[in-house]
Amino acid sequence: MSNFLNSIKARRTIYAIGKNVSVDQATIEETIREAVKQSPSSFNSQTSRVVTLYGASHTNFWNIVRETLRKIVPAEAFESTNAKIDSFAAGFGTALFYEDQDVVKGLQEQFALYADNFPVWSEHSSAIAQFATWTALAEIGIGASLQHYNPIIDEEVAETFAIPANWKLRAQLVFGSVEAPAGEKTYMDDAARFKTFN
């Protein structure tokens, strides 16, 4: 099997993460940036934007998520929610994935025939960038899980971290040392998923 496919197989959702990473922050940052830069996008539009949070900023972000959820999750159910947020805050950092809506709108105006498709293609670009980053981090021994607390946190996060108004939050990749491996992964039957014709 190719190295690429092995890397894809190694990328798993790791919920038990910590701060005991074996590589320095600069290496992690370079890995994230290169993964996003090398990810394809429609018309080479490069709509993906990433804000990476470490240290106090990482902790602050997850406190924003916690306090936002506290307002909407019933008190009797909040204990498990709080524990989940604690597990994310225990990580080394968080990469926030955004899509630049000004670029999307510009493409819609420039190529009116495809206008309806550009928001969809933007989502594709974001997903590819997220997957590439997640896989690249796994290659250097960093565990991660992809979260989606947008849009309920968008406004406060944008204000806290001076995010441009035209950036739309799509996902949060929390990462750190692997403190416990991922569970066993099961697969549906290939016959129900794939068709091949000659």
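The values are calculated or read from the model by the stated rules, or taken from the named source; none is laboratory data. In this text the structure is predicted, and so the values were computed from the model without any measurement. Positions of Cβ are backbone-derived with ideal geometry, glycine not excepted, and every protein chain shown enters the neighbour counts. These accessible areas exclude ligands, DNA and RNA; they are computed on the full protein's heavy atoms, side chains included. Shrake-Rupley method; radii C 1.70, N 1.55, O 1.52, S 1.80 Å.
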Inset, instruction - Quick one: which residues, 5+ away or cross-chain, put their amide H under 5 Å from the amide H of residue 15? H built at 1.01 Å from N. - result: none
Inset, instruction - Springs between alpha-carbon atoms under 10 Å, Gaussian network over the chain: tell me which of 79, 99, 155 tops the mean-square fluctuations. - result: 79
Inset, instruction - Would you please state which residues of the range 31-46 a label at residue 113 would reach in this model, taking the label point 7 Å out along Cα→Cβ and a backbone N cut-off of under 11 Å? - result: none
Inset, instruction - May I ask you to list the trypsin sites (Lys or Arg not before Pro) in the range 123-198 that are in a DSSP loop and have at most 14 other Cβ atoms within 10 Å of their Cβ? - result: 185, 193, 195
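Using the structure shown, list the pairs from 19/168; 37/195; 19/84 with a Cα-Cα distance above 22 Å, or answer none. Walk me through the intermediate numbers first.
Details: 19/168 28 Å; 37/195 33 Å; 19/84 16 Å.
In this structure, 19/168; 37/195 lie more than 22 Å apart at Cα.
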Inset, instruction - Take the alpha carbon gyration tensor of the range 1-111, find the square roots of its eigenvalues, order them as a ≥ b ≥ c, and report rounded if a/c is under 1.5; if not, report prolate when a/b exceeds b/c, else oblate. - result: oblate
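What's the local net charge at residue 155, with K and R +1, D and E -1, over the other residues with C-beta under 14 Å away? Can you show the working numbers first?
On the way: positive: 71, 168; negative: 67, 154, 156, 159.
Cβ neighbours under 14 Å give a net charge of -2.
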Legend entry - Max mean-square fluctuation residue, GNM over the chain, Cα-Cα springs under 10 Å, options 127, 136, 77: 77
Legend entry - Most mobile of 98, 54, 114 in a GNM of the chain (Cα contacts under 10 Å): 114
Legend entry - Point-to-point label distance, residue 80-residue 9, nm (Cα→Cβ direction, 7 Å offset): 3.4 nm
Inset, instruction - Might you tell me the accessible area per residue for the range 19-180, computed with a 1.4 Å probe and given in Å²? - result: 50 Å²
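What is the chain's relative contact order, in percent, from Cα pairs under 8 angstrom and six or more apart in sequence? Please list the in-between numbers first.
On the way: 285 pairs, mean separation 73.6, N = 198.
It comes to 37 percent, rounded to a whole number.
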Inset, instruction - Mind giving me the FRET efficiency for residue 161 and residue 191? R0 is 41 Å, r the Cβ-Cβ distance, nearest 0.05 is fine. - result: 0.30
Legend entry - Around residue 62: net Lys/Arg minus Asp/Glu count, Cβ-Cβ under 11 Å: 0
Inset, instruction - Please label the shape of the range 152-198 as rounded, prolate or oblate, based on the square roots a ≥ b ≥ c of the eigenvalues of the alpha-carbon gyration tensor (a/c under 1.5 means rounded; beyond that, a/b larger than b/c means prolate, else oblate). - result: oblate
